[in-house]
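The values are calculated or read from the model by the stated rules, or taken from the named source; none is laboratory data. What you see is a predicted model; the values in this text were computed from it and never measured. Ideal geometry is used to build each Cβ from the backbone, glycine not excepted, and the neighbour counts take in all protein chains shown.
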Amino acid sequence: MEKVSIFAFNDFHRRLEPFADGSGGAARLVGKLRQLKAENPNSITVNVGDVAGDNKKLGPDSFAPIAELFDRAQVDVLALGNHEFEDSRNGYESLRNGLIKPFHGETLCANVKDVAGQPIEGTKPFTIKQLAGYNIALLGVVTQDLTSKMHPTAGVGLLAAGLQETLETWVPSLEDRSDAVVVLGHENLRKMTDLTEAVAGVDVAFAAHDHKLTAEAVEVSRADGSKGFISEAGAYGQNINQVDLYFDPASRKLIKVEMTTHLVDASSPSDPVAEEIVRNAPKLERAQMPEKPARRHSVSLNGFNELSKWYKVQQDEGKSPR
């Protein structure tokens, strides 16, 4: 058997400093990722979205210094999460210029487009990485619900397709071009498990969004006899999940999938370059929850999508939503 590895983490939410118990922290996360990659040359590192956000005030520094830290951590692929879409101003300028453009890796998002049908500038639906001679296809998708109570205009001007629809569109063609299909899904563990079971051809899926940590890869069996595996690595840079894919060299078939969780704690190596990046990072203020509409101004709105549209209309008309 030949092994290739994927190191994954999700929902970092710009937690630059360690927690009180010594877990997490950008410098230790970077140090641990670099250590793991050095020990496993046939590997890639992926992030499954929500790199920032966490109810911080929006602005040009919303994503700083994530791109710099991820490049130092040798992150190869980033799949966008819903918090990446909180700042809709100027065509998501802070996302494009603060994260996607400065990040040296590839940014994936297959199911979100603008109203003209164009993808987010700088993103692609999938990429194919070659590891130990095997082609590993990675497809990025994000939950359809891009809206936010804290930031009501999140997702405005964008259309998010359903995840199953997106997977059924892309996975068959990726199967033909690769030895394994991996989905980077910024959606909760239960839904990603259901999707992996429903869509034949998904070999491995990474979940996110609900901050759960899988003790081992969740295995699902399909009616056609094939299997899929799902992994999620908690949140805040406290854990890294290593998913190992084992191939038969003769047939090039994926024959086994295993998962290991690596803790990021006080015993993890702290990267000095990342320490300096954190020291120089801008301090972001916490956002305030918008006031609820007064009863006399109440409107009938079905869900946050309609609320975000209404909120933008109020802004465009110079009104102050209350």
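Quick notes on this one:
- Test for Gly162: is it within 25 Å of Ser88 (Cα to Cα) and touching a strand residue (DSSP E or B) at 6+ places or on another chain (Cβ under 8 Å): no
- Restricting Val264, Val199, Val218, Val204 to residues that are of a type in the set (A, V, I, L, M) and surrounded by fewer than 21 Cβ atoms within 10 Å (Cβ to Cβ) narrows the list to Val218.
Matching residues to (1) outside any strand (DSSP E or B); (2) more than 22 Å from Leu213 (Cα to Cα); (3) without any contact (Cβ under 8 Å) to a residue 24 or more places away in the chain; (4) not assigned by TED's automatic domain parsing to the domain that holds Met259:
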position: Phe7; (1), (2), (3), (4): no, no, no, no
position: Ser23; (1), (2), (3), (4): yes, no, no, no
position: Leu33; (1), (2), (3), (4): yes, no, no, no
position: Leu36; (1), (2), (3), (4): yes, no, no, no
position: Phe63; (1), (2), (3), (4): yes, yes, no, no
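- Residue check for Val204: over 13 Å from the mean Cα position of the chain (by Cα), among the β-branched types (Val, Ile, Thr), more than 17 Å from Leu139 (Cβ to Cβ) and at pLDDT 95 or above: no
- Test: Gly105 is free of Cβ contacts under 8 Å to residues at least 60 places away in the same chain and under 27 Å from Lys56 (Cβ atoms): yes
- Test: residue in the stretch 21-33 that is at pLDDT 95 or above, more than 22 Å from Ser270 (Cβ to Cβ) and within 18 Å of the chain's Cα centre (by Cα): no
- Counting the residues of the stretch 5-29 that are farther than 20 Å from Val243 by Cβ and among the hydrophobic types (A, V, I, L, M, F, W, C) gives 5.
- Screening the stretch 97-125 for residues that are charged (D, E, K, R) and buried (at least 16 other Cβ atoms within 10 Å of the Cβ) and picking the one that is farthest from Val264 (Cα to Cα) gives Lys113.
- Qualifying strands (runs of 3 or more DSSP E) (wholly inside the stretch 207-262; at least 1 residues being under 16 Å from the mean Cα position of the chain (by Cα)): 227-231, 239-247
- Unique residue being in contact with a Leu (Cβ under 7 Å, 6 or more places away or on another chain) and not small (Gly, Ala, Ser) when the list is Glu258, Glu232: Glu232
- Residue match in the stretch 185-194 (condition: part of a helix (DSSP H, G or I) and over 17 Å from the mean Cα position of the chain (by Cα)): yes
- Among the residues making up the stretch 1-55, those that are over 29 Å from Arg96 (Cα atoms) and not small (Gly, Ala, Ser) are Met1, Glu2, Lys3, Val4, Phe19, Asp21, Gln35, Leu36, Glu39, Asn40, Pro41, Asn42.
- When every residue of the stretch 100-119 is checked against the conditions, at least one turns out to be among the aliphatic types (A, V, I, L, M), assigned by TED's automatic domain parsing to the domain that holds Asn135 and more than 17 Å from the chain's Cα centre (by Cα).
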